[in-house]
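So the structure is just underneath, and the comments pick up after that.
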Amino acid sequence: MARRMMSRLGQWSSYVFAVDFDTNSDPIYFALASKQSERPQVFRNVLADEKCYSLHVQSDDKIERAKFYGGLKKKLSKELPPECTILEMSIFQPNVKDSVIKGYFLKDASKSSATERVLGELLRNDPVYVCSYLCGGEDRQWSQHLWSNTEDGWVEVLEKYCVVPAEKPVHHPSTLSIINYDVFYSFEDAYKVLQQCVDIIPESKAVLELVDQRLESKEKTDFPVIVIEGLDATGKTTLTESLTEALGATLLKSPPQCLSPWRARFDTEPPLIRRAFYALGNYLTAGQIGQEARQAPVIVDRYWHSTAAYAIATAVGGKLGNLPQAGSEVYGWPGDLLRPSLVLMLSLSSQERMRRLQVRGQDKTMEEEELEANHLFRQKVEEAYQRIEGPACITVDASPSPDQVLQQVLLLIREKCHL
Ligand SMILES: Nc1nc2c(ncn2[C@H]2C[C@H](O)[C@@H](COP(=O)(O)OP(=O)(O)OP(=O)(O)O)O2)c(=O)[nH]1
Ligand SMILES: Nc1ncnc2c1ncn2[C@@H]1O[C@H](COP(=O)(O)OP(=O)(O)O)[C@@H](O)[C@H]1O
């Protein structure tokens, strides 16, 4: 392990470390250097005299990294002393895609050695790098100390680096690993992830067998395909059902009904695996759309916009402004996924949407809980919806009565799809 870490360490001097001290401000960025920096200290204003540590997942296997990282926060929250604050952290090379190594930064205000004991255990048993941070000397310079295992199981400091301030990068580190980690832009890329999960998630095999039997979808459809999108309780189910009746259309949804037995199982997985599952759901639905749009118009309840918007909003940390700019490739449509004729996004005030959620009283998915609890997440989902292209969505005011919304949407469909 030490040898492997030594080879990786050489690269760390070109990496920047980002610690999210709170979601409403920029992360603290720092780098490592072999000598002290003349510039003011990185942590002076955010750390008192807590002991600080960081741990990063170091496996080269994307699935193993995602699975381990997915369970790490729960493990730390359970085993670390309550006085130890756990903060999101990443190491990355600015503007280098896929360079992000995710981890946690620990501010330990406890007086016990419990944190060091837990980290020593992790180091011995799991694919992690563990570091401690010390503030020394009269100029209170910070240094990072990388831990390693010795043969007789003790922890020793393998390497020491000076911690120096780093420039704020152009792109927030969380935006560097969206493609093929949070959002999949081809069937093959999503399919490969579930193939690699067959040994650890047996349900993947059943999902892949269904996907292997999917209907091929053509580029063009004989009848229009209209997707209805929107946050939970904006009225999608109500509208899609009345639209289907009014147009003599076929109603489909994504993920399709045939994936229902496994959806809750994949909702518990880390983003890499969960989003691959939803992406494959879109390809299954696309095959059904191609088939059904030969005979009649097709209405779809959620499709690509939901998959991409929720994934991007979940992946991008910190402020709303950290979202990739409009026009970024992350908002592009997968080249091999059937494009609908029209995408309508139902928009509603938060108050009315909450009222309707209460009235409906269904149990909520984890993401619905998150939408309710987290105004910033909801803003990111809505903003990501608006930035997705190929086709972009058209916003519809969903606050009038069900019938008025239906009439408004029928007018739009007649105008845009000549139905
Ligand atoms: N359909 C769909 N939902 C996704 C995707 N990624 C995340 N989600 C989340 C968004 C919502 O929190 C939840 C939506 O679940 P459903 O597809 O069952 O929507 P449904 O229309 O039943 O819920 P709603 O009526 O909108 O409250 O799943 C995705 O790719 N497709
Ligand atoms: N235009 C509307 N005005 C008032 N209530 C509505 C309207 N559309 C739907 N509802 C009600 O709001 C709740 C959520 O609607 P639903 O169609 O389930 O939304 P979604 O499918 O987007 O979650 C339901 O109780 C529904 O009866």
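Identify the residue in the stretch 218-250 that is over 16 Å from P297 (Cβ atoms) and either of a type in the set (D, E) or more than 16 Å from ligand 1 (Cβ to nearest atom) (or both) and, among all such residues, is surrounded by the fewest Cβ atoms within 10 Å (Cβ to Cβ). Lay out the reasoning, then the answer.
Here is the first cut: in the stretch 218-250, the ones over 16 Å from P297 (Cβ atoms) are 219, 229-238.
Next, from what is left, pick out any that are either of a type in the set (D, E) or more than 16 Å from ligand 1 (Cβ to nearest atom) (or both): 219, 229, 232.
On the way: E219: 8, E229: 25, D232: 17.
So the residue we want is E219.
Quick check on my filter: what residues within the stretch 332-351 are within 19 Å of E383 (Cα to Cα), touching a Gly at 6+ places or on another chain (Cβ under 8 Å) and not in a strand (DSSP E or B)?
G332, W333, L348 - these are the residues of the stretch 332-351 that are within 19 Å of E383 (Cα to Cα), touching a Gly at 6+ places or on another chain (Cβ under 8 Å) and not in a strand (DSSP E or B).
One line per residue, one yes/no per condition, for (1) exposed (fewer than 14 other Cβ atoms within 10 Å of the Cβ); (2) at pLDDT 90 or above:
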{"residue": "Q36", "(1), (2)": "no, no"}
{"residue": "A48", "(1), (2)": "yes, no"}
{"residue": "L55", "(1), (2)": "no, yes"}
{"residue": "D60", "(1), (2)": "yes, no"}
{"residue": "P81", "(1), (2)": "no, yes"}
{"residue": "Q93", "(1), (2)": "no, yes"}
{"residue": "T115", "(1), (2)": "no, yes"}
{"residue": "C131", "(1), (2)": "no, yes"}
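Looking at the stretch 389-397, can you tell me whether even one residue there is among the charged types (D, E, K, R) and away from ligand 2 (no atom under 16 Å from the Cβ)?
Kept after step one, since they are among the charged types (D, E, K, R), are these residues of the stretch 389-397: 389, 397.
Going one step further and asking which of them are away from ligand 2 (no atom under 16 Å from the Cβ), we end up with 389.
Yes, the stretch 389-397 has at least one match.
Tell me, which helices (runs of 4 or more DSSP H) wholly within the stretch 223-326 include 3 or more residues that are farther than 21 Å from L208 by Cα and either within 15 Å of ligand 2 (Cβ to nearest atom) or touching a helix residue (DSSP H, G or I) at 6+ places or on another chain (Cβ under 8 Å) (or both)? Lay out the reasoning, then the answer.
Numbers: elements: 236-247, 260-267, 271-292, 304-315.
Correct list: 236-247, 304-315.
Can you find a residue in the stretch 371-380 that is within 12 Å of ligand 2 (Cβ to nearest atom), within 14 Å of D232 (Cα to Cα) and of a type in the set (D, E, K, R)?
No: zero hits.
Answer yes or no: is there a residue in the stretch 313-329 that is crowded, with 23+ Cβ neighbours inside 10 Å, closer than 23 Å to E245 by Cβ and touching a Phe, Trp or Tyr at 6+ places or on another chain (Cβ under 9 Å).
No, because not a single residue in the stretch 313-329 is crowded, with 23+ Cβ neighbours inside 10 Å, closer than 23 Å to E245 by Cβ and touching a Phe, Trp or Tyr at 6+ places or on another chain (Cβ under 9 Å).
So which residues in the stretch 327-353 are touching a residue at least 40 places away in the same chain (Cβ under 8 Å) and within 16 Å of ligand 2 (Cβ to nearest atom), if there are any at all?
V343, L344, M345, L346, S347, L348, S349, E352, R353
The values are calculated or read from the model by the stated rules, or taken from the named source; none is laboratory data. Because the structure is predicted, anything quoted here is derived from the model rather than measured. No Cβ is skipped: glycine too gets one built from the backbone with ideal geometry, and neighbour counts run over all protein chains shown.
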